[in-house]
1. Output the number of the condition that Phe112 fails; it satisfies all remaining conditions of (1) under 23 Å from Arg27 (Cα atoms); (2) touching a Pro at 6+ places or on another chain (Cβ under 7 Å); (3) away from the ligand (no atom under 13 Å from the Cβ).
2. Which pairs turn up if I take residues in the range 71-96 that are more than 15 Å from Gln132 (Cα to Cα) and look for partners that are modelled with pLDDT of 95 or more and polar (S, T, N, Q) with beta carbon separation below 6 Å, at least 6 apart in sequence or on another chain?
3. Of everything in the range 83-137 that's charged (D, E, K, R) and touching a strand residue (DSSP E or B) at 6+ places or on another chain (Cβ under 7 Å), which residue is farthest from Ala152 (Cα to Cα)?
4. Of the residues that sit in the range 131-141 and are more than 14 Å from the ligand (Cβ to nearest atom) and in a helix (DSSP H, G or I), which one is surrounded by the fewest Cβ atoms within 10 Å (Cβ to Cβ)?
5. Residues Arg128, Arg159, Arg144: which one is in contact (Cβ under 8 Å) with a residue 12 or more places away in the chain, within 12 Å of the ligand (Cβ to nearest atom) and assigned to a strand (DSSP E or B)?
6. Which one of these does Arg159 not meet: (1) closer than 15 Å to Ala66 by Cβ; (2) touching a Ser or Thr at 6+ places or on another chain (Cβ under 7 Å); (3) of a type in the set (D, E, K, R)?
7. How many residues does the range 1-28 hold that are assigned to a loop (DSSP other than H, G, I, E, B) and at pLDDT 95 or above?
8. Is at least one residue of the range 68-88 part of a loop (DSSP other than H, G, I, E, B), in contact with a Cys (Cβ under 7 Å, 6 or more places away or on another chain) and either within 28 Å of Gly25 (Cβ to Cβ) or within 16 Å of the ligand (Cβ to nearest atom) (or both)?
Amino acid sequence: MVAGDPPAMNVPLQDDGAGALTINGARYLLIRPETLAALQKAVETVAGRRAADCLAAGGRTGGARATGSLAGAGEERVRSLLAMGTAIGWGRFALEHLTPDALVVTVHRSPFAEAYGASAAPVCHLTRGVLQSLASLTLGRPVRVTETACAAMGSAACRFEAAPE
Ligand SMILES: [Zn+2]
């Protein structure tokens, strides 16, 4: 653990023994990052730059459900969602900055960036979509989220900036 990181969260993963894993009643699945990277590259082949929007849409849906399930509000809810992201293996999330007009999050060891490999553009669109849902709810209006640094581009960490549209 690194100073400044959110505290580790103990995720109560439940296995019903019949093919379903749940966390607090919500269904989850384990999937290799390579599976998602291959899906992402296939969608990019078909849809080009619009692939990023498709993946972000998926992230927004999951992010809205995850955010809605969390207790608390404001910074407490933000920190809970980031701790959850870390706990379920989406990388090591940290809150860099939160004001009424901005939310900035960094993620070390993004599995999406690691599985994708080197890229000239950011690749963590699923995470970006999740953070868009979180930021919209937290800032109370529609937001745009930009991945301003990505490990796939050689950065030490991925960094996401949310601001009102
Ligand atoms: Zn990234």
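1. For Phe112, the exception is condition (3).
2. Close Cβ pairs (under 6 Å, with a partner that is modelled with pLDDT of 95 or more and polar (S, T, N, Q)) amount to Gly91/Ser110; Arg92/Thr86; Ala94/Thr106; Glu96/Thr106.
3. The residue in question is Asp101.
4. Here the answer is Leu139.
5. Answer to the selection: Arg159.
6. (1)
7. Selection size over the range 1-28: 5.
8. The answer is no; no qualifying residue exists.
The values are calculated or read from the model by the stated rules, or taken from the named source; none is laboratory data. None of these values were measured; they are calculated from a predicted model. Counting neighbours? That spans all protein chains shown, and the Cβs are built from the backbone with ideal geometry, glycine included.
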